[in-house]
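Scroll down for the structure; my scribbles are underneath it.
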Amino acid sequence: HPDLTASVVLSTGSVLAGQVLSGTVHVHNSGCAAVNVSTLLDLGTTSGATVADITVPPLAPGASFSAPFTTGANNIPGTFIFCATADGDFMVTEASESNTDCEGFTVLPMAPDLVPSGASFGPNYASL
């Protein structure tokens, strides 16, 4: 049987609210048989952001497929999970159906960009 597994590599572990989350997803056929049809790589996140699924071409035993992704992270700060599931619609009979990999990421709140002004220096003090 073929055996498709997914892996997720995020470009960063944290993003500011409203910024883009990006990375690469990989699918590997570690089974003994080819997958002769295209399969669905199901992508999702607990942050509520919409992520487009990816079509994976047929894969010979030992073959891999990689694709980049980007999605809006979210405007709500917190800790979330991004997951990829190979053969997300379960069209292929596999040696194992444990095809999901998940990685955590943090959405940080937007903070003001503070720049000190009015610096003054004297014999008894220094200030920015």
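The values are calculated or read from the model by the stated rules, or taken from the named source; none is laboratory data. Quantities reported herein were computed from a predicted structural model and do not represent experimental measurements. We work out accessible area using only protein heavy atoms, side chains counted, and drop any ligands, DNA or RNA first. Shrake-Rupley method; radii C 1.70, N 1.55, O 1.52, S 1.80 Å.
Computed over the Cα atoms of region 16-55, the ratio of the radius of gyration to the Kirkwood radius (Rg/Rh) comes to 1.09. With no solvent and one equal point scatterer per Cα, compute the Debye intensity ratio I(q)/I(0) for region 1-95 at 0.21 Å⁻¹ and report its log10, rounded to two decimals. For region 1-95, the Cα-only Debye profile gives -0.93. Expressed as a whole percent, the accessible area of the chain that falls on carbon and sulfur atoms is 58 (1.4 Å probe). Remark: the Q19-T100 segment gains 26.7 nm on full extension, using 0.36 nm per residue and subtracting the alpha carbon distance.
Note that the chain presents 56 Å² accessible area per residue, ligands and nucleic acids not counted, probe 1.4 Å.
In this structure, the amide hydrogen of L59, modeled 1.01 Å from its nitrogen in the peptide plane, lies closer than 5 angstrom to those of V35, V37, counting only residues at least 5 positions away or on a different chain.
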